[in-house]
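In what follows, a structure is listed as structure tokens, so that the remarks can point back to it.
The values are calculated or read from the model by the stated rules, or taken from the named source; none is laboratory data. Predicted, not measured: the structure shown is a model, and the values here were computed from it. For neighbour counting, all protein chains shown are included, and Cβ atoms are generated from backbone atoms with ideal geometry for every residue, glycine included. Ligands, DNA and RNA are excluded from the accessible area calculation, which covers all protein heavy atoms including side chains. Shrake-Rupley method; radii C 1.70, N 1.55, O 1.52, S 1.80 Å.
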Amino acid sequence: LAMIRSGVSAYIAQLKYEGDGAGRLHPRRDPVWCAERFGQSVTFLPDGRMVLVGGEHEDSSDLDFCIYNDVWVFDPSGVIQIYGYPKEVFPPTDFHSATLVGDQLYLVGSLGYWGSRVYGETQVSRLDTKTFRIESLKTSGQLPGWIYGHEARLIGSDQLEVFGGTVVTRGAASDEYSENTDTFTLNVETLEWRRAA
């Protein structure tokens, strides 16, 4: 909670408490949990609460690099709740979209850790904003693939439209990144994807 409220990076926090007085840290140190993130979604609920999901801190060369799979809930009263989940229930997610459908928040896509991406699949989770129970969803149809950095919006009452962003595929020597030029819709009732004509 102190890290969220302070707004400081993991490095600055550890420097304050474990620094050598000359602005340096021991080169072999433990990583520090951090609230300063990239690719974290922010959703405002009708009752005034704000829900923040996942995101990453720094890049993979940094000792504090982490892609998170937590959820923070800010209440208008000032109370902050942090929910943590096993990665088997909610994989680490960054640069995803978050779309509210009734009381359910649909989290689509992720850049994710190298080596954990499932090429051709699309990571989709559903967060209940009343209980904060989260579940990974198995979808079918014409999937966008391993997408991140996209936009999403609700069309009607049950169609989630996804467009823009980047799709990651497996290349011969390394991952390949290509611009997503298609529009996809996910029916949140049947969990079936369709590519727009």
Calculate one ³J(HN,Hα) per residue across the stretch 106-115 by plugging θ = phi - 60° into the Karplus curve 6.51 cos²θ - 1.76 cosθ + 1.60, and present them in order as whole Hz with x for glycine and proline. 8, 10, 10, x, 4, 6, x, 6, 4, x
Among the lysines, which have Cα under 28 Å from the Cα of LYS87 when same-chain residues fewer than 8 positions away are ignored? LYS130, LYS138
What would the Debye formula give as log10 I(q)/I(0) at q = 0.16 Å⁻¹ for the alpha-carbon point model of the chain, no solvent? -1.04
With Cα springs under 10 Å, the Gaussian network model of the chain assigns the largest mean-square fluctuation among PHE65, PHE44, PHE163 to PHE44
Leaving out ligands, DNA and RNA, and with a 1.4 Å probe, what % of the accessible surface on the chain is carbon or sulfur? 51 percent
From the phi of every residue in the stretch 52-60, what ³J(HN,Hα) in whole Hz does the Karplus formula 6.51 cos²θ - 1.76 cosθ + 1.60 yield, where θ is phi - 60° and glycine or proline is x? 10, 10, x, x, 10, 10, 6, 10, 5
Total charge of the residues flanking GLY102 in space, meaning their Cβ is under 12 Å from its Cβ, with Lys and Arg +1 and Asp and Glu -1, is -2
Loop-exposed trypsin sites (Lys or Arg not before Pro) per DSSP, neighbour cap 15 Cβ within 10 angstrom, longest uninterrupted part of the chain: 139-197
Tell me the mean residue ellipticity at 222 nm calculated for the chain from its helices only (DSSP H runs of n ≥ 4, each -39500 (n - 2.57), averaged over every residue, nearest 500). -2000 deg cm²/dmol
Can you tell me how much longer the chain between LEU63 and ARG195 gets when fully stretched, taken as 0.36 nm per residue apart minus their C-alpha distance, in nm with one decimal? 43.5 nm
Return the distance in nm (one decimal) between the two label points of a simple spin-label model at ASP158 and SER116, each offset 7 Å from Cα along Cα→Cβ. 3.3 nm
Once amide hydrogens are built 1.01 Å from N within the peptide plane, the residues lying 5 or more places from TRP146 or on another chain with amide H under 5 Å from its amide H are GLY120, GLU121, VAL168
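Might you tell me the accessible area per residue for the chain, computed with a 1.4 Å probe and given in Å²?
It amounts to 54 Å² per residue over the chain.
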Rounded to 5, percent antiparallel among DSSP beta bridges of the chain: 95 percent
